[in-house]
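> What follows is a structure written as structure tokens; I'll ask about it next.
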Amino acid sequence: MGLFQHVGKYFILLGRVFSRPEKIRIYYRETIKELDKLGLSSIGIVAIISVFMGAVITIQTAYNTENPMLPAYLIGLTARDSMLLEFSSTIVALILAGKIGSNIASEIGTMRVTEQIDALEIMGVNSASYLILPKIIATVFFSPFLCLMSMIIGIFGGWIAGVSVGVITTQDYIYGIQYAFIPYYIVYALIKMAIFAFLITSISAYHGYYSYGGSLDVGKSSTKAVVRSSIFILLFNVILTQLLLS
Amino acid sequence: MIEVKNIYKSFNGIPVLKNINVLFEKGKTNLIIGQSGSGKTVLLKSIVGLHEVDQGEIIFDGTVFNKLDFKEKKEMRKQIGMLFQGGALFDSSTVEENVMYPLDMFSEMNYNEKRERANECLKRVNIINANQLYPAEISGGMQKRVAIARAIALNPKYLFCDEPNSGLDPQTAILIDNLIKEITEEYNMTTIVNTHDMNSVMENGDNVMFIYKGEKWWQGSRDDIFDSENKELNDFIFASKLSQKIRDLKNSR
Ligand SMILES: Nc1ncnc2c1ncn2[C@@H]1O[C@H](COP(=O)(O)OP(=O)(O)OP(=O)(O)O)[C@@H](O)[C@H]1O
Ligand SMILES: [Mg+2]
């Protein structure tokens with residue numbers, strides 16, 4: 001199937017996902033479940049990668065700017081802006097594409113090949129909306145929190161690493177992370193993150209929903225889901241940066 | 001009564017069903033038999049509207065089902081129960097939740113009423129003390145029975161079963177067959193069952209349709225099968241040594 005056919009089918013599926021839900025109460029219940037499964041359970045991994053990313057950025061910046069002309073607080077500033085602009089949104093999104101993208105594609109794909117989706121349809125349930133909408137709402141709503149958390153933990157990690165390695169003092173670091181601070185960068189990152197979350201969830205759900213065959217095919221769908229979501233995150237990163245920062 | 005008229009269905013240009021015309025009677029267990037890959041599942045899914053047919057009409061008691069609009073179809077679906085080839089229970093829900101699911105979606109019952117109805121259905125299929133287990137924790141035969149309970153939860157007028165006894169031992173298979181037959185008569189439903197199990201044909205074969213390479217090849221009752229001259233039907237039915245012996249015995253009498 002060509003790219004255009006995929007895109008067409010993807011938008012038809014989205015159309016079904018966003019048609020009016022039948023029983024709001026049940027959708028609410030499902031969304032809470034997904035918040036737990038896709039959102040809360042990602043806190044750990046996001047925290048771990050953020051602390052290490054902050055640490056590495058700080059140490060690398062320190063070793064690359066060993067010039068007495070450059071003030072030490074620049075290290076704090078660089079750590080802050082790197083986290084805010086790219087790492088807490090794009091890199092975290094790529095990690096989430098691996099974690100929740102494969103989870104979504106394999107869950108929905110398994111339901112497809114074991115005819116659970118047919119069972120929903122036969123009961124007159126709009127399976128696309130019932131299975132996918134709660135996941136989209138949960139991830140789009142929750143991912144900005146993950147992004148914000150990643151910024152804080154990353155900057156904190158930078159401080160710990162910088163001070164314990166001895167490349168910067170606490171004072172310089174704190175001065176640096178406050179220096180020439182542009183609050184809009186946070187807004188920019190949160191918007192990006194919400195859009196990435198939408199891409200991950202919808203693309204992975206698409207691949208799961210149109211699985212056909214057996215467990216082998218579900219595995220393939222899940223791989224495709226991760227690869228394609230990652231590519232679209234990178235593509236949209238360029239587009240959104242141009243749109244939001246120019 | 002369900003009437004199927006001139007149905008054609010193909011996937012990506014490859015025809016799977018060709019000009020199927022058949023009548024399924026009310027209050028009876030109607031069987032569709034045929035080899036693996038002959039199109040039984042596709043036919044059943046086309047009748048219930050999970051596949052759009054390319055051509056033809058599917059008539060449920062006078063209503064042309066496949067010409068209804070989305071909303072009318074949905075209304076109609078509440079009267080349809082279906083048992084899938086693999087059971088298709090929702091893995092993340094317990095046995096009880098599975099049976100309650102259609103009630104959750106479509107009835108205005110409160111929680112206790114829904115539970116009561118679910119337990120009534122589970123009892124009907126002889127599942128007791130398994131309410132809180134997950135599908136992965138019960139045997140294949142039990143899964144099939146739970147799936148039947150879920151299919152009948154809303155008191156459907158039409159019941160569809162895709163190979164209800166595949167993967168089961170002969171005794172359990174007959175139990176399931178009888179259960180479907182009893183329920184059908186009890187609620188006066190129109191039931192259609194896909195099978196390639198000869199025991200089912202002998203137990204329940206009042207109205208049997210034989211499908212061969214996507215075409216209706218033969219239709220009749222279990223007694224007609226022994227007298228049929230249809231070569232493909234005979235090859236299919238009397239494939240095993242055991243069934244050949246039975247035929248020879250019957251013919252020698
Ligand atoms: N969604 C689909 N897309 C493409 N081809 C399909 C699809 N579903 C079924 N087919 C094809 O239709 C044919 C009939 O399949 P079907 O599942 O109806 O067989 P069956 O009679 O139910 O077999 P079994 O007894 O093994 O279940 C097969 O050749 C199959 O490959
Ligand atoms: Mg089949």
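The values are calculated or read from the model by the stated rules, or taken from the named source; none is laboratory data. From a predicted model like this one, the values you see are computed outputs, not experimental measurements. Every residue, glycine as well, gets a Cβ built from its backbone with ideal geometry; the counts of neighbours run over all protein chains shown. For accessibility, only protein heavy atoms count, side chains too; no ligands or nucleic acids. Shrake-Rupley method; radii C 1.70, N 1.55, O 1.52, S 1.80 Å.
> I'd like the full set of residues that are open to solvent by 40 Å² or more (accessible area, probe 1.4 Å) and within 13 Å of A:Ile48 (Cα to Cα), limited to segment A:134-151.
Here is the first cut: in segment A:134-151, the ones open to solvent by 40 Å² or more (accessible area, probe 1.4 Å) are A:137, A:140-141, A:145, A:148-149.
Listed by number, the list holds a single entry, A:Met149.
> While we're on this one: Hey, among the residues in segment A:205-233 that are within 16 Å of ligand 1 (Cβ to nearest atom) and touching a Gly at 6+ places or on another chain (Cβ under 6 Å), which one's nearest to A:Leu133 (Cα to Cα)?
Result: A:Gly208.
> Going residue by residue through segment B:227-234, is there one that turns out to be open to solvent by less than 30 Å² (accessible area, probe 1.4 Å), closer than 20 Å to B:Thr41 by Cα and touching a Ser or Thr at 6+ places or on another chain (Cβ under 8 Å)?
Among the residues of segment B:227-234, not one is open to solvent by less than 30 Å² (accessible area, probe 1.4 Å), closer than 20 Å to B:Thr41 by Cα and touching a Ser or Thr at 6+ places or on another chain (Cβ under 8 Å), which makes the answer no.
> Can you report the number of residues in segment B:1-18 which are surrounded by fewer than 18 Cβ atoms within 10 Å (Cβ to Cβ), aliphatic (A, V, I, L, M) and touching a residue at least 12 places away in the same chain (Cβ under 8 Å)?
Total meeting the criteria: 1.
> Can you find a residue that is more than 14 Å from chain B (Cβ to nearest Cβ) and within 24 Å of A:Phe142 (Cβ to Cβ) anywhere in segment A:58-76?
no
Residues checked against (1) assigned to a helix (DSSP H, G or I); (2) surrounded by fewer than 18 Cβ atoms within 10 Å (Cβ to Cβ); (3) small (Gly, Ala, Ser):
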position: B:Gly87; (1), (2), (3): no, no, yes
position: B:Phe90; (1), (2), (3): no, yes, no
position: B:Glu96; (1), (2), (3): yes, no, no
position: B:Val99; (1), (2), (3): yes, no, no
position: B:Leu103; (1), (2), (3): yes, no, no
position: B:Met109; (1), (2), (3): no, yes, no
position: B:Lys114; (1), (2), (3): yes, no, no
position: B:Glu120; (1), (2), (3): yes, yes, no
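> Looking only at residues that are of a type in the set (A, V, I, L, M, F, W, C) and more than 10 Å from B:Gln55 (Cα to Cα) in segment B:5-16, which one is nearest to ligand 2 (Cβ to nearest atom)?
B:Val16
> Further, regarding this structure: If you scan segment A:35-76, which residues turn out to be part of a loop (DSSP other than H, G, I, E, B) and either surrounded by fewer than 17 Cβ atoms within 10 Å (Cβ to Cβ) or of a type in the set (Asp, Glu) (or both)?
The answer is A:Thr65, A:Glu66, A:Asn67, A:Pro68, A:Met69, A:Leu70, A:Pro71.
> May I pose another question? In segment B:145-176, how many residues are within 16 Å of ligand 2 (Cβ to nearest atom) and modelled with pLDDT of 90 or more?
Summing the residues that are within 16 Å of ligand 2 (Cβ to nearest atom) and modelled with pLDDT of 90 or more in segment B:145-176 gives 6.
> Those residues that are at pLDDT 90 or above and more than 16 Å from ligand 2 (Cβ to nearest atom), I need them from segment B:188-220; list them, please.
B:Asn188, B:Met189, B:Thr190, B:Thr191, B:Asn207, B:Val208, B:Glu215, B:Lys216, B:Trp217, B:Trp218, B:Gln219, B:Gly220
> Would you check if A:Gly162 is open to solvent by 40 Å² or more (accessible area, probe 1.4 Å) and over 24 Å from the mean Cα position of the chain (by Cα)? Steps first, answer last, please.
Numbers: open to solvent by 40 Å² or more (accessible area, probe 1.4 Å): no; over 24 Å from the mean Cα position of the chain (by Cα): yes.
For A:Gly162, the condition - open to solvent by 40 Å² or more (accessible area, probe 1.4 Å) and over 24 Å from the mean Cα position of the chain (by Cα) - is not met.
> State the number of residues belonging to segment B:184-193 that are touching a Leu at 6+ places or on another chain (Cβ under 6 Å) and away from ligand 1 (no atom under 13 Å from the Cβ). Lay out the reasoning, then the answer.
First, the residues of segment B:184-193 that are touching a Leu at 6+ places or on another chain (Cβ under 6 Å): B:189, B:191, B:193.
Those left that are additionally away from ligand 1 (no atom under 13 Å from the Cβ): B:189, B:191.
Counting residues in segment B:184-193 that are touching a Leu at 6+ places or on another chain (Cβ under 6 Å) and away from ligand 1 (no atom under 13 Å from the Cβ) gives 2.
> Are any residues in segment B:82-92 aliphatic (A, V, I, L, M) and facing chain A (nearest Cβ under 8 Å), and if so, which ones?
Hits for segment B:82-92 are B:Met82, B:Ala88, B:Leu89.
> Taking the residues in segment A:124-140 that are at pLDDT 95 or above and out of contact with any Phe, Trp or Tyr (no Cβ under 9 Å at 6 or more places or on another chain) as candidates, determine which candidate is farthest from A:Ser229 (Cα to Cα).
Here the residue is A:Ala138.
> Please indicate, with yes or no, whether at least one residue in segment B:19-32 is on the phi < 0 side of the Ramachandran plot, within 7 Å of ligand 1 (Cβ to nearest atom) and open to solvent by 10 Å² or more (accessible area, probe 1.4 Å).
Scanning segment B:19-32, I find no residue that is on the phi < 0 side of the Ramachandran plot, within 7 Å of ligand 1 (Cβ to nearest atom) and open to solvent by 10 Å² or more (accessible area, probe 1.4 Å), so the answer is no.
> Of everything in segment A:5-34 that's within 12 Å of A:Ser129 (Cα to Cα) and among the basic types (Lys, Arg), which residue is most open to solvent (accessible area, probe 1.4 Å)?
A:Arg20
> Moving on to the next point. If you go through segment B:157-183, how many residues are surrounded by fewer than 22 Cβ atoms within 10 Å (Cβ to Cβ), away from ligand 1 (no atom under 16 Å from the Cβ) and not aliphatic (A, V, I, L, M)?
Total meeting the criteria: 8.
> When you scan segment A:91-192 for helices (runs of 4 or more DSSP H) that lie fully inside it, which ones turn up with 1 or more residues that are touching a Gly at 6+ places or on another chain (Cβ under 9 Å), away from every other protein chain (no Cβ under 14 Å) and of a type outside the set (Val, Ile, Thr)?
Numbers: elements: A:92-96, A:102-113, A:116-122, A:127-165, A:170-178.
Output list reads A:102-113, A:127-165, A:170-178.
> Find the residue count for segment B:40-81, including only residues that are surrounded by 15 or more Cβ atoms within 10 Å (Cβ to Cβ), within 13 Å of another protein chain (Cβ to nearest Cβ) and within 16 Å of ligand 1 (Cβ to nearest atom).
10
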